[in-house]
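Below is one structure, written out as structure tokens; the observations come after it.
The values are calculated or read from the model by the stated rules, or taken from the named source; none is laboratory data. This structure is a prediction, so every number in the text was calculated from the model and none was measured. A quick note on method: Cβ atoms are made from the backbone with ideal geometry, for glycine too, and the neighbour counts reach across all protein chains shown.
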Amino acid sequence: MRIVLALALLLAACTTAEPETSTENTSIQAPNFSFPNQAGELVSLQQFKGQLIYISFWATWCGYCKKELPYLEKLKAQMNDQPVVFIHISVDEHKDRWEQFLNERSLLGEHLFANGFDHLDTMYSSYGVPHYALIDARGYFIDPNAPSPSENVHKIIEEHLGNL
């Protein structure tokens with residue numbers, strides 16, 4: 001019984017449904033955050049103003065998050081010479097597991113440790129993972145529920161690069 005309950009909770013936390021998305025800029029400013037990177041340095045959203053920002057909220061225990069990684073790496077390689085920054089915010093609660101996961105892979109971009117959902121559920125309406133957000137160069141949401149890397153997000157990013 002405990003195993004069934006644990007499995008049900010794990011599956012519920014790792015959602016597959018993506019919310020409806022929009023390519024229209026909103027007038028909602030993305031909330032600033034400050035989380036440590038793998039080196040322990042605090043990184044904030046404000047540091048990246050002037051660039052498009054694609055944020056992925058994920059966890060090492062989330063199968064769907066791991067499934068998106070090859071698509072995310074391909075997207076980053078396609079956008080390598082563009083003013084786009086990729087920020088990956090882990091909601092893991094065990095920093096050692098997160099660090100081990102990153103050390104085992106050569107993942108590009110900014111990797112931050114949020115230590116759970118506490119800061120993110122109200123700030124970014126991220127109640128499950130994976131979850132994605134796209135932010136313009138001024139710090140306003142383009143889409144707080146952006147498509148995943150395996151969807152058409154590259155088209156939306158390219159469209160908004162012309163607005164920089």
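All of (1) touching a residue at least 40 places away in the same chain (Cβ under 8 Å); (2) touching a helix residue (DSSP H, G or I) at 6+ places or on another chain (Cβ under 9 Å); (3) closer than 21 Å to residue 31 by Cα hold for residue 92 with one exception: (1). Of the residues making up segment 128-147, those that are closer than 16 Å to residue 27 by Cα and not aromatic (Phe, Trp, Tyr) are 133, 134, 135, 136, 137, 138, 139, 142, 143, 144, 145, 146.
Could you tell me how many of the residues in segment 59-104 are touching a strand residue (DSSP E or B) at 6+ places or on another chain (Cβ under 9 Å) and not in a helix (DSSP H, G or I)? The total comes to 16.
Take the conditions aromatic (Phe, Trp, Tyr), at pLDDT 90 or above and surrounded by 19 or more Cβ atoms within 10 Å (Cβ to Cβ) and apply them to residue 124. Does it pass? When the stated conditions are applied, residue 124 does not pass them. If you filter segment 131-145 down to residues that are assigned to a strand (DSSP E or B) and farther than 13 Å from residue 156 by Cβ, you find that the one that is modelled with the highest pLDDT is 140.
Any residue in segment 40-57 that is of a type in the set (Lys, Arg), surrounded by fewer than 18 Cβ atoms within 10 Å (Cβ to Cβ) and under 22 Å from residue 136 (Cβ atoms)? Looking through segment 40-57, at least one residue is of a type in the set (Lys, Arg), surrounded by fewer than 18 Cβ atoms within 10 Å (Cβ to Cβ) and under 22 Å from residue 136 (Cβ atoms). For segment 69-89, enumerate the residues that are surrounded by fewer than 21 Cβ atoms within 10 Å (Cβ to Cβ), within 21 Å of residue 33 (Cβ to Cβ) and touching a residue at least 60 places away in the same chain (Cβ under 8 Å). Residue satisfying the conditions is 83 alone.
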